[in-house]
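Each remark here refers to the structure printed beneath this line.
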Amino acid sequence: FWGLTAYIRPIGFIFLFALLFFVFLWKKLRFKHIILVCLSFILTLSPWIIRNYIVFNHFIPMTTLGGIVFVESNNIETFQSKSGSYTRGIVESLFYNNKEKSEVELNKIAFKQGVEFLRTLTIGELCMFGMHKLRYGFLGNPFTLIKEKHFKWFFLNYLLYYFLLIFSLIFFIFFFPRSRKYFPNIFLFNIFFLSCLSIFLIQTLVFC
């Protein structure tokens, strides 16, 4: 299931590291179980990895668009707008100025461009940039979405994602201690919940 999820959203690949981190903290799962999870994930994803190597002649575990998405949300325009969102203008100029480049080369150029921009920021500016992303990622602006008629994202964000997040937090804060009496293995919920929240946090800070 985890491997199939990564086909849909490449960010699922990072889930492996968050999951292993929390499993390591709890130290309640055997090493062979962790190995089995990792192997199952790799085997499920292996057809896509093989396909990418055949097409691009490079080892690409997930996608060739990571750098493009990265520079969309890490550039001077998004920094100055303080929106925490992304801009497509910089990507359009990137494609226009590198027409002869391959998809893989464009991805590397975009990622490098985004990193170079972040290096120009001071620590204070970088922290403020991150706060703008967190504000946009975890709170958003429902009025803007309605005004711009982005009803799809309004529904997904406020009637699905945030509802599940808030519901989970309520359970975690008020009912988790009581549930441990009835479910000794509730630590698995702990690992799952914290891993998912960490992935959302990482995705928001790195991309948008």
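Does the range 116-164 hold any residues that are touching a residue at least 40 places away in the same chain (Cβ under 8 Å) and closer than 30 Å to Phe59 by Cα, and which are they? Result: Phe117, Leu118.
Criterion applied to Lys99, Lys152 was being open to solvent by 70 Å² or more (accessible area, probe 1.4 Å) and either closer than 16 Å to Leu65 by Cα or part of a loop (DSSP other than H, G, I, E, B) (or both), and the one residue passing it is Lys99. Among the residues of the range 81-96, those identified as open to solvent by 90 Å² or more (accessible area, probe 1.4 Å) and either closer than 18 Å to Leu118 by Cβ or basic (Lys, Arg) (or both) are Lys82, Tyr86, Arg88. The residue list Leu25, Leu94 contains one member that is within 25 Å of Ile191 (Cβ to Cβ) and either touching a Gly at 6+ places or on another chain (Cβ under 9 Å) or assigned to a helix (DSSP H, G or I) (or both), which is Leu25.
Among the conditions (1) modelled with pLDDT of 80 or more; (2) surrounded by 12 or more Cβ atoms within 10 Å (Cβ to Cβ); (3) not in a helix (DSSP H, G or I), the only one that Lys108 does not satisfy is (3).
Among the residues of the range 172-188, those that are part of a helix (DSSP H, G or I) and either hydroxyl-bearing (Ser, Thr, Tyr) or open to solvent by less than 60 Å² (accessible area, probe 1.4 Å) (or both) comprise Phe172, Phe176, Ser179, Tyr182, Phe187.
Taken over the range 129-188, the criterion of being closer than 30 Å to Phe79 by Cβ and among the aromatic types (Phe, Trp, Tyr) is satisfied by Phe129, Tyr136, Phe138, Phe143, Phe151, Trp153, Phe154, Phe155, Tyr158, Tyr161, Tyr162.
Quick test for you: out of Phe59, Phe31, Phe24, Phe1, pick the one residue that is among the aromatic types (Phe, Trp, Tyr), surrounded by fewer than 18 Cβ atoms within 10 Å (Cβ to Cβ) and closer than 30 Å to Tyr136 by Cβ.
Working: Phe59 fails: closer than 30 Å to Tyr136 by Cβ; Phe31 fails: closer than 30 Å to Tyr136 by Cβ; Phe24 fails: closer than 30 Å to Tyr136 by Cβ.
Going through Phe59, Phe31, Phe24, Phe1 in turn, just one is among the aromatic types (Phe, Trp, Tyr), surrounded by fewer than 18 Cβ atoms within 10 Å (Cβ to Cβ) and closer than 30 Å to Tyr136 by Cβ: Phe1.
When each of Thr78, Thr64 is tested for being of a type in the set (Val, Ile, Thr), outside any helix (DSSP H, G or I) and open to solvent by less than 30 Å² (accessible area, probe 1.4 Å), the lone residue that passes is Thr64.
The values are calculated or read from the model by the stated rules, or taken from the named source; none is laboratory data. A quick note: this is a predicted structure, and the numbers were derived from the prediction, not measured. Note that we place each Cβ from the backbone using ideal geometry, even for glycine, and neighbour counts take in every protein chain shown. Heads up: the accessible areas ignore ligands, DNA and RNA and are worked out on the full protein's heavy atoms, side chains in. Shrake-Rupley method; radii C 1.70, N 1.55, O 1.52, S 1.80 Å.
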